[in-house]
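**Student:** Shown below is the structure under consideration.
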Amino acid sequence: KAVIQITDLTKVYQMGQTEVHALAGVSFDVKENEYIAIMGPSGSGKSTLMNMIGCLDTPSTGDYFLNGNNVSHMDDAELAEVRNREIGFVFQTFNLLPRTSCLANAELPLIYSGMKSSERKERAREVLTRVGLGDRVDHKPNELSGGQRQRVAIARALVNHPSIILADEPTGNLDTKTGEEIMMLFEELYRQGNTIIVVTHEQEIADHARRIVRLRDGLIESDLPVENPVLAG
Ligand code: ADP
Ligand code: ADP
């Protein structure tokens with residue numbers, strides 16, 4: 001089953017008199033329970049593509065079907081609704097609320113879901129347990145290590161059972177060993193059936209995925225399976 005169907009996607013930025021073709025015609029599909037790394041040099045269009053996939057922005061032309069719904073022409077409110085429901089974000093900088101508990105952080109995507117507070121807390125506790133932080137629910141992020149903070153962010157990404165986990169340089173602020181532990185967690189989530197997309201410029205991180213899409217100058221340069229993925233864990 002296709003989660004993502006992207007056809008001839010372009011994104012053009014107007015910079016004064018000149019046009020920047022951040023994406024110049026990108027097509028690819030992602031099926032359920034794929035594990036993909038998006039790579040490419042600086043300026044190749046990774047962030048732009050991530051913003052499209054994550055429903056943070058719409059393309060200039062082309063189509064993006066997410067679970068069969070064309071999100072390319074949605075307005076900001078519709079986009080926000082789809083994003084909240086379908087995408088679990090993990091950022092390089094964690095983007096946690098530092099002075100509120102792990103439980104409250106993990107609960108955040110459910111706040112506008114209409115779910116009862118007690119059910120939200122139960123779900124948040126459950127995902128925190130899944131990422132190995134069952135004994136840290138009442139801690140605040142600034143009382144945790146970098147790796148633990150990223151686990152809270154991953155719990156938050158999982159809490160509304162999104163169609164895609166979209167991670168932007170998830171190990172960028174972590175030391176090698178801690179980064180490897182986070183990649184082990186992604187491997188586990190992949191094996192549990194999640195669809196994972198990791199944007200990274202590090203080959204060692206990309207090699208954990210099962211497929212690498214490489215961008216250059218706003219185009220897909222290559223789209224290849226990983227022959228020997230790093231099977232952490
Ligand atoms: P990457 O994430 O691979 O470094 P980006 O998607 O950030 O690449 O950028 C792709 C191209 O689009 C670059 O040339 C960049 O300068 C340009 N670009 C990105 N965002 C904007 C913007 N908001 N306005 C103008 N140009 C942009
Ligand atoms: P970078 O990798 O360049 O440091 P981030 O990982 O912080 O950037 O963010 C990647 C993209 O997601 C950016 O376009 C940013 O504007 C957007 N973004 C960051 N944080 C959030 C958030 N909490 N909610 C929605 N979008 C976000």
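The values are calculated or read from the model by the stated rules, or taken from the named source; none is laboratory data. Computed from a predicted structure; not experimentally measured. With ideal geometry, Cβ positions are generated from the backbone for all residues, glycine too; neighbour counts draw on all protein chains shown. Just so you know, the surface numbers come from the protein's heavy atoms only, side chains and all, with ligands and any DNA or RNA stripped out. Shrake-Rupley method; radii C 1.70, N 1.55, O 1.52, S 1.80 Å.
**Student:** Place a +1 charge on the Cβ of each Lys and Arg in region 93-154 and a -1 charge on the Cβ of each Asp and Glu, then give the dipole magnitude about the Cα centre in debye, rounded to the nearest 20.
**Tutor:** Dipole magnitude for region 93-154 comes out near 80 debye.
**Student:** Relative to the Cα centre, what is the charge dipole magnitude of the chain, using +1 at the beta carbon of each Lys and Arg, -1 at the beta carbon of each Asp and Glu, and rounding to the nearest 20 debye?
**Tutor:** For this selection, approximately 700 debye.
**Student:** Could I ask something else about it? Between the DSSP loop rule and a limit of at most 16 other Cβ atoms within 10 Å, which trypsin sites (Lys or Arg not before Pro) in region 87-144 are left?
**Tutor:** Arg99, Lys116
**Student:** Do any trypsin sites (Lys or Arg not before Pro) in region 1-47 lie in a loop, going by DSSP, with at most 13 other beta-carbon atoms within 10 Å of their beta carbon, and if so which?
**Tutor:** Here the sparse-neighbourhood loop sites are Lys1.
**Student:** Right, something else. Please compute the net charge surrounding His21, taking Lys and Arg as +1 and Asp and Glu as -1 over other residues with Cβ under 14 Å from its Cβ.
**Tutor:** So the environment of His21 carries a net charge of -1.
**Student:** Straight-line reach from Lys1: which aspartates and glutamates fall under 17 Å, measuring Cα to Cα and dropping same-chain residues less than 8 apart?
**Tutor:** Asp29, Glu32, Glu34, Glu86
**Student:** Still on this structure, please answer the following. Return the percentage of antiparallel bridges among DSSP beta bridges fully within the chain, rounded to the nearest 5 %.
**Tutor:** Within the chain, antiparallel bridges account for around 60 percent of the total.
**Student:** Quick one: net charge around Arg120, please, counting Lys, Arg +1 and Asp, Glu -1 for every other residue with C-beta under 13 Å from its C-beta.
**Tutor:** Within the 13 Å Cβ shell, the charges total +1.
**Student:** Compute the accessible area per residue over the chain, keeping the other protein chains in place, probe 1.4 Å, unit Å².
**Tutor:** 47 Å²
**Student:** Among Leu66, Pro98, Val12, which residue has its Cα positioned farthest towards the positive end of the charge dipole of the chain, with +1 placed on the Cβ of Lys and Arg, -1 on the Cβ of Asp and Glu, and the dipole taken about the Cα centre?
**Tutor:** Farthest along the dipole direction, towards plus: Pro98.
**Student:** Which FRET efficiency, nearest 0.05, do Asp223 and Ala77 yield, Cβ-Cβ r, R0 30 Å?
**Tutor:** Given R0 = 30 Å and the Cβ-Cβ separation, E is 0.35.
**Student:** Heavy atoms only, probe 1.4 Å: what % of the accessible area of the chain goes to carbon and sulfur, would you let me know?
**Tutor:** The value for the chain is 48 percent carbon and sulfur by accessible area.
**Student:** When only DSSP loop residues count, what GluC sites (Glu not before Pro) in region 146-204 have their Cβ near at most 15 other Cβ atoms within 10 Å?
**Tutor:** Hits after loop and neighbour filter: Glu202.
**Student:** In the Gaussian network model of the chain, springs joining C-alpha atoms below 10 Å, which of Gly54, Gly218, Gly132 carries the largest mean-square fluctuation?
**Tutor:** Highest fluctuation of the listed residues: Gly132.
**Student:** Pairs of Cα atoms under 8 Å, at least six residues apart: use those to get the relative contact order of the chain, whole percent.
**Tutor:** Reported relative contact order: 27 percent.
**Student:** Give, as ranges by residue number, the residues of region 93-126 whose backbone N falls under 12 Å from the point 7 Å along Cα→Cβ of Gln192.
**Tutor:** The answer is 124-126, whose backbone nitrogens lie closer than 12 Å to the label point.
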